[in-house]
Amino acid sequence: MEERINRVKEILVIQGKSQKWLAEMLQISTTAMTAICNNRSQPHLKDLRRIAEILDVDVRELLVPSKS
């Protein structure tokens, strides 16, 4: 089981937006976006900031906290 690091998929669901839409906004492939949403790969920090801007959330909301 992969470690859950980002919450991009959760935020998209909450906002009613699709992975395809976000991929288009970031100008990346839907395959790359799916890998990010499924935590198979992680976006670079600068891309994470762009995702936060596009989704209008604090970048910290996109990450799973490391401590409870």
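Observations on the structure shown:
- Filter result for residue 7 (surrounded by 15 or more Cβ atoms within 10 Å (Cβ to Cβ), at negative phi, of a type in the set (Lys, Arg) and out of contact with any Phe, Trp or Tyr (no Cβ under 9 Å at 6 or more places or on another chain)): yes
- Listed by first and then second residue, the pairs linking a residue in the stretch 41-68 that is over 19 Å from residue 13 (Cβ atoms) to a residue that is in a helix (DSSP H, G or I) and modelled with pLDDT under 95, with Cβ atoms under 9 Å apart and 6 or more places separating them unless they lie on different chains, form an empty list.
- Tally of residues being exposed (fewer than 13 other Cβ atoms within 10 Å of the Cβ) and in a helix (DSSP H, G or I) across the stretch 50-60: 2
- Within the stretch 10-49, considering residues that are among the hydrophobic types (A, V, I, L, M, F, W, C) and out of contact with any helix residue (DSSP H, G or I) (no Cβ under 9 Å at 6 or more places or on another chain), the one surrounded by the most Cβ atoms within 10 Å (Cβ to Cβ): 35
The values are calculated or read from the model by the stated rules, or taken from the named source; none is laboratory data. Computed from a prediction, not measured in an experiment: that's the story for all the values here. Note that each Cβ is placed from the backbone with ideal geometry, even for glycine, and that neighbours are counted across all protein chains shown.
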